[in-house]
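Asker: Handing you this structure, nothing more for now.
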Amino acid sequence: MRIGLDLDGVCYNFERRARQVLEQHRGVSFPHGGSRDWNWIRDRVPSDDWAWMWKQISLLFEDESSWYPGAPSVMRQLCEENDVVVITSRPTRARGATKRALNHIGVVPAELHVLSYGVPKTTVPHCDVYVDDMPGNITGFLTWTTASVLVPRRHWNTDMEITGWEDRVRRYDNLKEVLEWARRAQ
Ligand SMILES: [Mg+2]
């Protein structure tokens, strides 16, 4: 099975990591729990700190403690049993750091796509199932592909409207459920 797997907000707790980096290195914080997307956070952080943060590619993306608990072992298992296509919206210069961070936890996906902000994930050859947390991406998959979409419950997607798509969307609490779903669907 070809699985399109997102990293930030799905496998990697990027919101928490960004918060740590800004607090520890710049003494800057942003409110908890209100973010709907990255623009929401950007609008609450001084612009020079925000610009600085995006230059700290290794600090941001190669922090081993930022994987969600249990995610690395589930990712390894998913890669063993499926064609895992990692599709992440990160600066393209983060490709090396992303690859190193995955290697470091023993995850070798079939493909790795690092797409600049704004490039739709549906530009990557389509998958049988997508795992993604962002409402905009989820809507894109539902509209432009025939795939199912597995969605981790996050505070930024809880009020997402999925009326009409119920048969293709499944929300989950633990990444392990993705592995179980993929095994059942084989
Ligand atoms: Mg994401």
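None of the figures in this text is laboratory data; all of them are computed from the coordinates on show. Treat the numbers as computed from the prediction; the structure is a model and nothing was measured. We place every Cβ from the backbone using ideal geometry, glycine too, and count neighbours over all the protein chains shown.
Asker: When only residues in the range 100-124 that are out of contact with any helix residue (DSSP H, G or I) (no Cβ under 9 Å at 6 or more places or on another chain), over 22 Å from Glu15 (Cβ atoms) and free of Cβ contacts under 8 Å to residues at least 40 places away in the same chain count, which is surrounded by the most Cβ atoms within 10 Å (Cβ to Cβ)?
Answerer: Glu111
Asker: Within the set of pairs 6 or more residues apart or between chains, which connect a residue that is at negative phi inside the range 130-142 to a residue that is small (Gly, Ala, Ser) and within 10 Å of the ligand (Cβ to nearest atom) with Cβ atoms less than 6 Å apart?
Answerer: Asp133/Gly9
Asker: When only residues in the range 5-20 that are part of a loop (DSSP other than H, G, I, E, B) and within 11 Å of Asp133 (Cα to Cα) count, which is farthest from the ligand (Cβ to nearest atom)?
Answerer: Within the range 5-20, the match that is farthest from the ligand (Cβ to nearest atom) is Cys11.
Asker: Sticking with this structure for a sec: Looking at the range 5-25, I want the residues that are without any contact (Cβ under 8 Å) to a residue 24 or more places away in the chain and have a partner that is more than 8 Å from the ligand (Cβ to nearest atom) and assigned to a helix (DSSP H, G or I) with Cβ atoms under 8 Å, at least 6 apart or on another chain. Which pairs are those?
Answerer: none
Asker: From the set of residues in the range 121-137 that are within 15 Å of the ligand (Cβ to nearest atom) and among the hydroxyl-bearing types (Ser, Thr, Tyr), which is farthest from Tyr68 (Cα to Cα)?
Answerer: So the residue we want is Thr122.
Asker: Could you list, in sequence order, the residues of the range 138-151 that are within 14 Å of the ligand (Cβ to nearest atom) and either surrounded by fewer than 18 Cβ atoms within 10 Å (Cβ to Cβ) or among the aromatic types (Phe, Trp, Tyr) (or both)?
Answerer: Hits for the range 138-151 are Thr139, Phe141.
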